[in-house]
Amino acid sequence: MQNQAEETAAEQFRLRFKHKHDEVKLEGDLRRSQRACRQLDTQKNIQVPREAWYWLGLEEETEEEEEEEKEPEEDEYKSEDLSVLEKLQILTGYLREEHLYCIWCGTAYEGKMLGTFSKY
């Protein structure tokens with residue numbers, strides 16, 4: 001009985017460790033995507049990102065300004081409602097559509113890609 005409990009505890013530890021590792025990796029991918037987005041948007045002379053969180057560090061500044069300017073609406077869609085994975089998926093789609101860029105390939109394509117691919 002004790003041996004089974006130890007095995008269960010060890011398995012739970014491995015799962016928590018893997019989950020934490022995966023979350024850290026996703027956060028790193030999101031930061032890389034945000035930096036790439038800001039650089040690519042700037043190259044296209046886009047001065048304001050589509051969403052504040054598309055650019056690294058800009059979200060916090062924009063949220064503070066918005067809170068000072070107006071009261072939030074009940075139905076307003078907030079970036080904090082999104083998980084890291086959801087943000088990464090949305091931003092990956094934007095980079096591919098707007099800039100024809102893949103963060104994992106590190107490649108900006110010349111035209112629309114045929115077919116679809118997804119890391120996540």
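Pull out the extension gain between Ala108 and Val24, defined as 0.36 nm times the separation in residues minus the alpha carbon to alpha carbon distance; nm, one decimal.
That works out to 27.7 nm of additional length.
Would you pull out the residues with amide H under 5 Å of Leu56's amide H, same chain only if 5 or more places away, H placed 1.01 Å from N?
Close amide H contacts, sequence-distant or interchain: Arg35, Arg38.
To the nearest 0.05, how large is the calculated FRET efficiency for Glu97 and Asn45 if R₀ is 25 Å and r is the Cβ-Cβ distance?
0.90
Mind listing the phi-derived Karplus ³J(HN,Hα) values for the range 41-47, rounded to whole Hz, using 6.51, -1.76 and 1.60 with θ = phi - 60°, and x for any glycine or proline?
Rounded to whole hertz, the list is 4, 4, 5, 8, 6, 8, 8.
In nanometres, what is the gap between the two model label sites at Leu15 and Arg31, each 7 Å from Cα along Cα-to-Cβ?
2.9
Computed from the coordinates by the stated procedures, all read-outs in this text should not be read as laboratory data. Everything numeric here is computed off the predicted structure, so don't read it as measured data. Note that each Cβ is placed from the backbone with ideal geometry, even for glycine, and that neighbours are counted across all protein chains shown.
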